[in-house]
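To start, the structure itself, in structure tokens.
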Amino acid sequence: MDDFQFEERAEHEAGFAAIYRDEIAPYLRAAESARQIAVRRSQFRVAVALVLGLVLAALAFSVDPLLPIFPVAVGGGVALYFYLSRTDHLRDQLTAHIRPILCRFMGLEYTEEPTRQTISLSRLIGLNIVPSADNTYLGPMVTGRWRGLKYRLVNASFYDESRDSDGDRKRTRLFSGILLEVECVNSMPRVVFLPDFGRWGNALFQWASRSVRPPLRLALFGPETEEVFEVFTDDPDAAAKHLYPAFGRQLVDIAKRYQGGQAYAAAAFDGKAFFLALSLPHAFLSFDVMDRSLQEADEQIRNGLSDLMIPRQIIDTLLDGENA
């Protein structure tokens with residue numbers, strides 16, 4: 001029996017089994033053979049690196065008892081490199097093959113390398129939804145429409161760079177996850193849901209952002225929301241007119257559903273747009289499955305389809321949440 005089959009479990013997966021059979025399974029079969037060859041080649045190279053390191057260490061020991069440290073370290077480093085990079089090329093090829101197929105199935109436009117302007121990155125920074133960073137990496141991005149509302153969803157990472165006391169360059173990750181922009185039906189006042197960093201963290205963040213964030217607190221949502229977000233607006237009356245008390249809890253539920261717990265999440269309404277920044281426990285549309293048989297790749301493909309459902313669920317919450 002052919003093991004490369006996809007079992008449809010969720011409603012949004014209906015019809016995907018045929019796509020998997022015709023467009024993904026043939027590729028996975030060929031990639032599995034290539035993966036096994038790459039793993040065997042890597043095992044040989046690792047063994048050679050370790051043996052050479054030990055031989056050089058033995059020769060070095062006859063000269064000085066401390067010299068073996070260097071060939072052992074070099075041999076171990078080379079072996080580790082061969083082990084970690086053994087299937088990098090195959091993984092990249094697999095990802096490049098599967099991503100467009102999933103997006104086409106979901107009726108989405110796929111962009112591998114979006115620009116900073118495409119996702120209104122400067123606007124997100126101005127809203128304090130994402131940090132201003134030394135380096136920003138974007139991609140991939142998907143664009144679609146659900147229930148008449150257009151949206152963009154992009155993978156993003158933000159890093160600061162500095163040097164330590166030894167002069168070595170150090171990179172600090174500030175955010176890694178997804179950024180979502182959704183068209184709104186009504187023009188909204190500015191309302192921002194900023195992460196709750198605790199008592200002292202909130203005080204410091206509010207002081208640092210006092211000149212750019214909305215000036216007024218929005219006391220519309222319950223304690224469940226306040227455990228995760230600090231909510232500010234420039235027009236509480238207009239915000240209360242368009243939003244409803246349960247929205248904050250629903251936003252928290254969405255964040256926890258995809259994060260598996262409380263992690264970085266921030267959101268904002270601004271004019272006719274809603275923005276969400278959400279850290280994920282995995283890379284968006286990632287298919288790093290080369291450490292095991294590709295017959296098991298369907299679970300990560302299932303995760304990819306689930307990633308692409310995030311905008312739809314957000315839009316459903318925006319449109320139907322008050323009556324849910």
Where does the charge balance sit around Y110 when Lys and Arg score +1, Asp and Glu -1, over other residues with C-beta under 9 Å from its C-beta? 0
Proximal lysines relative to K170, as straight alpha-carbon distance under 24 Å, when same-chain residues fewer than 8 apart are discounted: none
Could you put F4, F269 in order, starting from the residue whose Cβ has the fewest other Cβ atoms within 10 Å? F4, F269
Which lysines have a Cα lying under 20 Å from the Cα of K241, excluding residues fewer than 8 positions away in the same chain? K272
Expressed in nanometres to one decimal, the distance between label points 7 Å along Cα→Cβ at S279 and V185 is 3.4 nm
Starting with the highest mean, order 126-135, 159-168 by the number of other Cβ atoms within 10 Å, averaged over the residues of each peptide. 126-135, 159-168
Two-site FRET efficiency, A238 against K150, from Cβ-Cβ distance with R₀ of 35 Å, rounded to 0.05: 0.90
For region 109-323, what does the relative contact order come out to in percent, with C-alpha contacts under 8 Å and a separation of six or more? 21 percent
Once a ≥ b ≥ c are taken as the square roots of the eigenvalues of the Cα gyration tensor of region 109-323, is the result rounded (a/c under 1.5), prolate (a/b larger than b/c) or oblate (a/b not larger than b/c)? oblate
Added length on full extension, which subtracts the Cα-Cα distance from 0.36 nm per residue, L319 to A14: 107.4 nm
Which FRET efficiency, nearest 0.05, do R104 and K256 yield, Cβ-Cβ r, R0 41 Å? 0.85
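Here, each number is a calculation from the coordinates, and none is a lab measurement. Remember, it's a predicted structure, so these values are computed and weren't measured experimentally. No Cβ is skipped: glycine too gets one built from the backbone with ideal geometry, and neighbour counts run over all protein chains shown.
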